[in-house]
Structure formats: structure tokens, C-alpha cells
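The values are calculated or read from the model by the stated rules, or taken from the named source; none is laboratory data. Model, not experiment: these values are computed from the prediction. Please note: Cβ atoms are built from the backbone with ideal geometry, for glycine as well, and neighbour counts cover all protein chains shown. All accessible areas refer to the heavy atoms of the entire protein, side chains included, with ligands and DNA or RNA removed. Shrake-Rupley method; radii C 1.70, N 1.55, O 1.52, S 1.80 Å.
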Amino acid sequence: MSESPERLLIIDDDEMLCHVMERAMSRRGYEVLVAHDAEEALAKARQAPPALATLDLKLEHDSGLKLLPELLEVAPACRVVVLTGYSSIATAVEAIKLGAVNYLCKPADADEILAAFDKQGGDPDAELADNPPSINRVTWEHIQKVLQEHDGNISATARALGMHRRTLQRKLQKRPVRR
């Protein structure tokens, strides 16, 4: 690191997670800024452009995917790692296409996040799953893909999937299905 510490912006609506991450990253020598929504994140990035940022995919009133290009426009040199408790192949692909350097599932600790910033390329030795994903996981992935195609609009997604809006909302409130 240089004389002044690298600036890290943590963007997440979970205040407890932000507090824990702020302490962990400060101990590792980073100057840490915290934002809980898109507006606050962009304001802080304009005021003091970060070198690194963690971005929650699903902010309370905002989409991390929509914020990502705006953040990179304000701070083009910023390396962004997207964090989410609602991972899907569709959102991982979109995050990388939109400029994220990596995509991690929560929970992720400070060391995993810092390693994700430094990882430059793909890993051809990545472990391959022995079993195909369950039908529930495939369904969940499909819902996420269609939701992404409709810019997060629940009603439009429900129409496209041929299901009632409330049914879709109930499915989306559940934790993602593991393999």
C-alpha cells in the first residue's frame, strides 16, 4: 500500500454487517466509507473516490446492478466486488458484464473479500459439482433471470412467468435454494 491507506466503500443496507466489515477493513489498514443506499454511495464516491468497493446486490430500495455502472462512472478506477445473499447465475453474469471484478455469496469474511479484489482471472481448477442442480434451484435461477430481464419489476415478471404476483413475491422472499 502507498503512504495513505486505500479507500474502501462498503455499500450495504445491513447496518450490522457494515459495522463489522468497517472494523475488519480498518484493522487491515483501509480508509473505510459506508453507505446504506445508492444515493449515499454515489455522494460519497463523488466526494472521495474509492479504490475499492463492496456492493450488496439487493439494497433495501435499490438494485446493486443498477448502481454498479453509476458508481463506476463516478469512480472509474474503482474495483467492485458484488456481495449477495441471493446469488444466481444470471445476476453473477450481469454483475461481471457491468464491471464488477468479482461476485461473492454472503456470508463472506474480510479475507475472502480482499482476495476477491485481487483475483485477476478465472480458475480452470475450480471445483465442478458432481450433481446437477435440483429442480427447485433451477426454478429459482429461472425466476431470477426473468426478474433481471424485467428490471426487477415484480408484476411484469409474474406475467412473463404466468404466475400470480403474490405467488412470485412469496417465492422471492424465501432464501435461495441450495443445490
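A few notes on this one:
- Output for the range 103-128, where each listed residue is closer than 30 Å to Ala24 by Cβ and at pLDDT below 85: Lys106, Pro107, Lys119, Gln120, Gly121, Gly122, Asp123, Asp125, Ala126, Glu127
- The helices (runs of 4 or more DSSP H) located wholly in the range 3-120 that include 1 or more residues which are farther than 27 Å from Thr139 by Cβ and of a type in the set (Val, Ile, Thr) occupy 15-27, 64-74, 110-118.
- Meets criteria (within 26 Å of Asp151 (Cβ to Cβ) and either surrounded by 18 or more Cβ atoms within 10 Å (Cβ to Cβ) or of a type in the set (Val, Ile, Thr) (or both)) for Ala43: no
- Lone unmet requirement of (1) under 21 Å from Asp109 (Cα atoms); (2) of a type in the set (Gly, Ala, Ser); (3) modelled with pLDDT of 95 or more for Ala43: (1)
- Hits in the range 104-118 - residues which are of a type in the set (D, E, K, R) and open to solvent by less than 30 Å² (accessible area, probe 1.4 Å): none
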